[in-house]
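The values are calculated or read from the model by the stated rules, or taken from the named source; none is laboratory data. Every value quoted in this text rests on a predicted model; they were computed, and no experiment measured them. Ideal geometry is used to build each Cβ from the backbone, glycine not excepted, and the neighbour counts take in all protein chains shown.
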Amino acid sequence: FPLDITFKSTNPFGWPQIVLSVYGPDFFGHDVVRGYGAVHVPFVPGRHKRTIAMFVPESTSRLQQFTSWFTGRRPEFTDPKVVARGEGREVTRVRSQGFVTISFNVM
C-alpha cells in the first residue's frame, strides 16, 4: 500500500528502514509470526525494487518447540528495533522463512 513520507537529514547514519512483521494463521487458526525482515529506504529518486530475506525466531530446545506448537504461542520479538539494529541477534536462533519484494517510488 502507498506511504507518503518526507525525510530530511544532514548525514546518512541511521538511515530510515522499513521493518516488516508478517503474521498468519497456523494449523489451529492461531495468529502466529511468519517472518521478520528489514530494508533501508532508498534515497535516490526513481523506482526501486528490494527483496527482503525474512526470518523467524526458533525455540532453543525440543521441549520449548513442542510446547510452543501445542499452545500456539511461538517465539516472537517483543521489540521491532531488534530486527532493524542487528545488535544481539548473533545469539538468537532464527530460521529463514522466504522473501518479500517491495517496490519504492522515490521522488
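When Ser96 is evaluated against the numbered criteria (1) surrounded by fewer than 13 Cβ atoms within 10 Å (Cβ to Cβ); (2) at pLDDT 75 or above; (3) over 17 Å from the mean Cα position of the chain (by Cα), which criterion, by number, is the only one it fails?
Unmet for Ser96, out of (1) surrounded by fewer than 13 Cβ atoms within 10 Å (Cβ to Cβ); (2) at pLDDT 75 or above; (3) over 17 Å from the mean Cα position of the chain (by Cα): (3).
Considering the stretch 38-51 alone, what residues qualify as being farther than 30 Å from Ser68 by Cα and in contact (Cβ under 8 Å) with a residue 60 or more places away in the chain?
The answer is Val41, Pro42, Phe43, Val44, Pro45, Gly46.
Scanning the stretch 79-91 for residues that are modelled with pLDDT of 75 or more and farther than 16 Å from Ala53 by Cα, which turns out surrounded by the most Cβ atoms within 10 Å (Cβ to Cβ)?
Among those residues, the one meeting the criterion is Lys81.
If a residue must be under 18 Å from Ser96 (Cα atoms) and either in contact (Cβ under 8 Å) with a residue 40 or more places away in the chain or among the hydrophobic types (A, V, I, L, M, F, W, C) (or both), how many such residues does the stretch 15-37 contain?
Residues in the stretch 15-37 being under 18 Å from Ser96 (Cα atoms) and either in contact (Cβ under 8 Å) with a residue 40 or more places away in the chain or among the hydrophobic types (A, V, I, L, M, F, W, C) (or both): 11 in total.
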